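Q: Please read through the structure below; I'll follow up with questions.
The values are calculated or read from the model by the stated rules, or taken from the named source; none is laboratory data. Being a predicted model, the structure only gives us computed values, none of them experimental. Quick reminder, even Gly has a Cβ in these numbers, built from the backbone with ideal geometry, and neighbours come from all protein chains shown.
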Amino acid sequence: MSDSSSHQDSASQEQAPQQEVQVHYRSDYRPYPYDIESVYLAFDLAPNATVVDTTLTIQRKADVASNEPLRLDGVDLELLSIAIDGEELGQEGYRSFDDGLEVLNPPKRFTLTTKVKISPDTNTSLEGLYLSSGKYCTQCEAEGFRKITFYPDRPDVMSTFTVRIEADAEQFPHLLSNGNRIEHGDLETGKHFAVWEDPFKKPSYLFALCAGDYDLLTSSFTTMTGRDVRLEIYVDKGKLDQCHHAMESLKKAMKWDEEVFGLEYDLDIYMIVAVGDFNMGAMENKGLNIFNTKYVLASQDTATDTDFIDVEAVIGHEYFHNWTGNRVTCRDWFQLSLKEGLTVFRDQEFTADQTDHGVKRIEDVKVIRSHQFAEDAGPMAHPIRPDSYIEMNNFYTVTVYNKGAEIIRMYQTLLGRDGFKRGLDVYFERHDGQAVTCEDFVRAMEDANHYDLKQFRRWYSQAGTPEVEVTSQYEADKRQLRLHLKQSCPATPGQEEKEPFHIPVKIGLIDELGNDIELKALPVSESDARVEGDIVHLMAGEQSVTFDEVPEKHIPSILRGFSAPVKLRYDYSLSDLIFLFAHDSDSFNRWQAGQELFSRVIFDLCEQLSDGIELSFDESVINAAKNLLDDSGLDGQFKSLALTIPGVSTLIEQVDSINIDHLITARQFLKRRLAEELELDWLLHYQTNHHIGDFEQDKGSVAKRAIAGTCLCYLMALEKDDAYQLALKQLNNANNMTDASTALQLIVHSNYSEKMKVAEAFYQKWQNEELVVNKWLAIMATDPSDETIDRIESLLDHPSFELKNPNKVRSLIGAFTGANPSQFHRADGRGYEYLARQIKALYAINPQVSARLTGAFNRWRKFDSERQLKMQQQLQEILSMPELSKDVYEIASKALK
């Protein structure tokens, strides 16, 4: 393969255009000098002139100087009045800034009242209070509350909230906020009001308000202590039939959290509102969760099996936040992983218990390898507890969330399930009702288990993906196997040198019959790694471990269950990988053996393309795939995952630089050969598993649809009319969206001459179902054919697309950049130009979404010199835009450093 990483073009030496930005540092944290004892908010809702009256009861802390000003955050607010204890403040009593105000010389204890005017109708950022599709909605995490009223908008300021909402009764019959509704009624003006009281102290980021005309699904849940909780899900008119799965998922989550962690819900009501225009996936506001419709609405006609699982998982995630995020929250935003890493781990465990543990583990690791490893190796690399940021929204990342969850999982690996539960119990006992730090969590785990986690703390402070290289030495006369483990971690921005991590490496040994060998660790020297059961504790740069009574014919199975978020290097032979692919008892490592097998073939093919020789690979790989496909003891979902070739984004992260054209060609060649050699096998298993009867959502039916879809995918790779007709038949006869969308994608991504007619017919059928239309947009955007770039240009003006809607942007533009490598990385640069134009069009409308899109350029150094130059040019153009949002500036400027 050609090496482009060492090529330096003159453009890469250019300084990124500088912009005045404030960098926030974790080390600068200071406690807020005042206690906000209570908050009263009164909203008079109007599209362009909502008035917010705020009353704060404030007490200066005992150790604070009497002349300490009261600093309040506020953005895009028109201040109408401000008073202390009922007396208006003159200009000499406060100072105004672009991002807030300071009250000068306030008394020790006082009541501050402010009146502001805001315009929800023009708030396209979808942060703070906004009006969208005729409904009011809020999104306050991380720093959106400052767009609603003047307030210390930081997570360590916690207070009780009482909220009064007033609005037109006919247009907005439902007026919702956190906590319990304590009063409501009609007003003479044609308006009505509702008053909500949340008895639990919370930070401002957990405030929520919704107002609109919804359909409502109600139910109830009886907690483990016998309390009845009213459950309510609010959805757009006509969508009530699509939220029953969400309601059942909520009940499952509440029951699971009681049974597994002993955690009970604490309010009398739990509400969910589904919103079509939403930056996030969902938000855990106390008692009033606000969800993207994508994670609430689901029916067999409109949602895939993956959608059903995702709805259940996200419903669970937000519910689990009630304890891990709301009852115990973050001191500052650098501690975000404290709540998100922990809660992602909890939702992963919940989903695994509802589905299949092995399949779920593989799905989670795929996210780490394809996205988080890339982030760790790129310009935005950061530890799960960052040390600095320009825009906090840019740090809602796969590192903070998903790698954070892996760190939590390692606690459970080190301490055992019971030990982990003990640590959580201590954490809640100590910190319920507090805003705390990651360090507080570590101490709870240490103290509950009398376990030294000093070295383990480095996972919080060091960025990058550790690499673990393992070599083996077998002494036949002693029947002993010695494994030598060596860890390293590449330099990342701001961290050239790394100290050794505490890495739990789960080990297995397999004999020639495919059976696990009992592990008998044999201490040889004091420097050897500690072994507990099947866990080898790698704690130094290099350590060894010896196993006794190991038969001569054996194969190590290393890093079982992906026991740590690291890259493993072990020199498996081709036959070793094939054996593990057939026999490893660990689901993850069995899948991993196949992925490494396919990856090795692809990179060998890339070498052959570079050398200009005829493409070929070992036929035993095909036999390995056939044997796994034919294994009747395996779950269909596992088979589907195991027989799916690694994606381009995952493959790219395995090498320092890549010829993207060769990589795509090599991957297609492998897929085509597997399709050709196993054509009859794919057809047989498709016919066996494809079901045209009544729709079922049980585990077995989901598994059958998964493997049937994979078989059809390989058959379509043959580009034969028989396969096209099979896919068309599946599409036309489908009684569920899994079968329909699978068939549509395979048709649109094929060379079938009538594919655009098929796509148009699908759109016409589903044009009134927004979530299905979003699937259609993503399928159109990820077609690998050369016509796609023109097609997605025209789709910007299509009735199905709206630039102000984040779901639409993610479905069209995000899918194109993230899942269509052949067209995004076109040699002519049109893919890069397309993305840059959309970022320029979007950054003033929605800075958060445009910043996410900008991240697609982060890995430009991986590619050949021509593509590097083209991506750098687009980044420079983005940075030259007037009044560029700090969200986009941070991503683009760091990419060029």
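Q: Going residue by residue through the stretch 563-576, is there one that turns out to be under 29 Å from residue 412 (Cα atoms), touching a Pro at 6+ places or on another chain (Cβ under 7 Å) and among the aliphatic types (A, V, I, L, M)?
A: Taking every residue of the stretch 563-576 in turn, at least one turns out to be under 29 Å from residue 412 (Cα atoms), touching a Pro at 6+ places or on another chain (Cβ under 7 Å) and among the aliphatic types (A, V, I, L, M).
Q: Exactly one condition in (1) in a loop (DSSP other than H, G, I, E, B); (2) of a type outside the set (A, V, I, L, M); (3) within 34 Å of the chain's Cα centre (by Cα) is not met by residue 66; state its number.
A: Exception for residue 66: condition (3).
Q: Further, regarding this structure: Determine, yes or no, whether residue 817 is touching a Phe, Trp or Tyr at 6+ places or on another chain (Cβ under 9 Å), closer than 27 Å to residue 880 by Cα and buried (at least 20 other Cβ atoms within 10 Å of the Cβ).
A: Against the criterion (touching a Phe, Trp or Tyr at 6+ places or on another chain (Cβ under 9 Å), closer than 27 Å to residue 880 by Cα and buried (at least 20 other Cβ atoms within 10 Å of the Cβ)), residue 817 qualifies.
Q: Being under 30 Å from residue 122 (Cα atoms), over 22 Å from the mean Cα position of the chain (by Cα) and not β-branched (Val, Ile, Thr), is that true of even one residue in the stretch 817-826?
A: Within the stretch 817-826 (the criterion being under 30 Å from residue 122 (Cα atoms), over 22 Å from the mean Cα position of the chain (by Cα) and not β-branched (Val, Ile, Thr)), the answer is no, since none of the residues qualifies.
Q: Residues to consider are 575, 587, 610, 616; find the one that is under 20 Å from residue 505 (Cα atoms) and among the polar types (S, T, N, Q). Don't jump to the end; show me each part of the working.
A: Values: 575 fails: under 20 Å from residue 505 (Cα atoms); 610 fails: under 20 Å from residue 505 (Cα atoms); 616 fails: under 20 Å from residue 505 (Cα atoms).
Result of the check over 575, 587, 610, 616: 587.
Q: Can you work out which of the residues in the stretch 63-119 that are over 21 Å from residue 35 (Cβ atoms) and β-branched (Val, Ile, Thr) is surrounded by the most Cβ atoms within 10 Å (Cβ to Cβ)?
A: 118
Q: Return the total of residues in the stretch 488-508 being of a type outside the set (Ser, Thr, Tyr) and not in a loop (DSSP other than H, G, I, E, B). Reasoning before the result, please.
A: Step one: of the stretch 488-508, the residues of a type outside the set (Ser, Thr, Tyr) are 489-491, 493-508.
Next, from what is left, pick out any that are not in a loop (DSSP other than H, G, I, E, B): 495, 503-508.
Number of matching residues: 7.
Q: Continuing with this model, one more query. How many residues does the stretch 449-476 contain that are more than 25 Å from the chain's Cα centre (by Cα) and either of a type in the set (Ser, Thr, Tyr) or under 30 Å from residue 159 (Cα atoms) (or both)?
A: Residues of the stretch 449-476 more than 25 Å from the chain's Cα centre (by Cα): 449-455, 468-476.
When the remaining residues are screened for being either of a type in the set (Ser, Thr, Tyr) or under 30 Å from residue 159 (Cα atoms) (or both), the result is 451, 471-472, 474.
Qualifying residue count, the stretch 449-476: 4.
Q: Here are some conditions: (1) part of a loop (DSSP other than H, G, I, E, B); (2) more than 26 Å from residue 519 (Cα to Cα); (3) among the charged types (D, E, K, R). Residue 425 meets all but one. Which one does it not meet?
A: Of the numbered conditions (1) part of a loop (DSSP other than H, G, I, E, B); (2) more than 26 Å from residue 519 (Cα to Cα); (3) among the charged types (D, E, K, R), the odd one out for residue 425 is (1).
Q: Starting from the stretch 606-623, take each residue that is touching a residue at least 60 places away in the same chain (Cβ under 8 Å) and list its partners that are hydrophobic (A, V, I, L, M, F, W, C) and in a helix (DSSP H, G or I), counting only C-beta distances under 7 angstrom and pairs at least six apart or across chains.
A: Pairs found: 606/663; 606/666.
Q: Which one of the conditions (1) of a type in the set (Phe, Trp, Tyr); (2) within 28 Å of the chain's Cα centre (by Cα); (3) more than 24 Å from residue 373 (Cα to Cα) does residue 669 fail to meet, given that it meets all the rest?
A: Of the numbered conditions (1) of a type in the set (Phe, Trp, Tyr); (2) within 28 Å of the chain's Cα centre (by Cα); (3) more than 24 Å from residue 373 (Cα to Cα), the odd one out for residue 669 is (2).
Q: What is the one condition in (1) farther than 17 Å from residue 820 by Cβ; (2) without any contact (Cβ under 8 Å) to a residue 12 or more places away in the chain that residue 837 does not satisfy?
A: So the condition that residue 837 fails would be (1).
Q: If you go through the stretch 260-267 one residue at a time, do you hit one that is within 18 Å of residue 328 (Cα to Cα), among the hydroxyl-bearing types (Ser, Thr, Tyr) and surrounded by 19 or more Cβ atoms within 10 Å (Cβ to Cβ)? Let's see the steps before the verdict.
A: Going through the stretch 260-267, the residues within 18 Å of residue 328 (Cα to Cα) turn out to be 261-267.
Add one more test, that the residue is among the hydroxyl-bearing types (Ser, Thr, Tyr), and what stays is 265.
With the extra rule that they be surrounded by 19 or more Cβ atoms within 10 Å (Cβ to Cβ), the set shrinks to 265.
Taking every residue of the stretch 260-267 in turn, at least one turns out to be within 18 Å of residue 328 (Cα to Cα), among the hydroxyl-bearing types (Ser, Thr, Tyr) and surrounded by 19 or more Cβ atoms within 10 Å (Cβ to Cβ).
Q: Based on this model, can you work out whether residue 527 counts as free of Cβ contacts under 8 Å to residues at least 40 places away in the same chain and polar (S, T, N, Q)?
A: Numbers: free of Cβ contacts under 8 Å to residues at least 40 places away in the same chain: yes; polar (S, T, N, Q): yes.
So residue 527 fits the description; yes.
Q: So for the stretch 87-102 (the condition being out of contact with any helix residue (DSSP H, G or I) (no Cβ under 9 Å at 6 or more places or on another chain), of a type in the set (A, V, I, L, M), in the same structural domain as residue 160 (by TED's automatic domain parsing) and part of a strand (DSSP E or B)), does at least one residue qualify?
A: yes
Conditions (1) touching a residue at least 24 places away in the same chain (Cβ under 8 Å); (2) touching a helix residue (DSSP H, G or I) at 6+ places or on another chain (Cβ under 6 Å); (3) not hydroxyl-bearing (Ser, Thr, Tyr), marked per residue:
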| residue | (1), (2), (3) |
| --- | --- |
| 666 | yes, yes, yes |
| 671 | yes, no, yes |
| 675 | yes, yes, yes |
| 680 | no, no, yes |
| 698 | no, no, yes |
| 706 | yes, yes, yes |
| 712 | yes, yes, yes |
| 719 | yes, no, yes |
| 722 | no, no, yes |
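Q: In addition: For the stretch 271-294, enumerate the residues that are buried (at least 21 other Cβ atoms within 10 Å of the Cβ) and either without any contact (Cβ under 8 Å) to a residue 40 or more places away in the chain or assigned to a strand (DSSP E or B) (or both).
A: 271, 272, 273, 274, 275, 282, 283, 288, 289, 290, 291, 292
Q: Now for a different question. Residue 324: surrounded by 21 or more Cβ atoms within 10 Å (Cβ to Cβ), under 26 Å from residue 250 (Cβ atoms), free of Cβ contacts under 8 Å to residues at least 24 places away in the same chain and polar (S, T, N, Q), yes or no? Working first, answer last.
A: Values: surrounded by 21 or more Cβ atoms within 10 Å (Cβ to Cβ): yes; under 26 Å from residue 250 (Cβ atoms): yes; free of Cβ contacts under 8 Å to residues at least 24 places away in the same chain: yes; polar (S, T, N, Q): yes.
Criteria met by residue 324.
Q: What residue, of 8, 59, 18, is more than 30 Å from residue 605 (Cα to Cα), out of contact with any Cys (no Cβ under 6 Å at 6 or more places or on another chain) and modelled with pLDDT under 95? Break it down stepwise before answering.
A: Values: 8 fails: more than 30 Å from residue 605 (Cα to Cα); 59 fails: modelled with pLDDT under 95.
Criteria check complete, one pass: 18.
Q: Just need a number here: residues in the stretch 405-416 that are over 16 Å from residue 444 (Cβ atoms) and not acidic (Asp, Glu).
A: Keep residues of the stretch 405-416 that are over 16 Å from residue 444 (Cβ atoms), which gives 405-406, 409, 413.
Imposing the further condition that a residue be not acidic (Asp, Glu) reduces the set to 405, 409, 413.
So the count comes out to 3.
Q: A further question follows. Say we look at the stretch 136-157 and pick out the residues that are of a type outside the set (Phe, Trp, Tyr) and out of contact with any Phe, Trp or Tyr (no Cβ under 8 Å at 6 or more places or on another chain); which of these is nearest to residue 847 (Cα to Cα)?
A: Top of the filtered list is 147.
Q: Determine which single condition residue 242 fails, assuming it passes every other condition in (1) of a type in the set (S, T, N, Q); (2) surrounded by fewer than 23 Cβ atoms within 10 Å (Cβ to Cβ); (3) within 30 Å of residue 845 (Cβ to Cβ).
A: Just one mismatch for residue 242, condition (2).
Q: Being surrounded by fewer than 20 Cβ atoms within 10 Å (Cβ to Cβ) and in a helix (DSSP H, G or I) is the filter; apply it to the stretch 372-399 and report the residue that is nearest to the chain's Cα centre (by Cα).
A: The qualifying residue nearest to the chain's Cα centre (by Cα) is 398.
Q: Moving on to the next point. Filter the stretch 283-312 down to the residues that are under 29 Å from residue 198 (Cβ atoms) and among the hydroxyl-bearing types (Ser, Thr, Tyr), then identify the one that is farthest from the chain's Cα centre (by Cα).
A: 293
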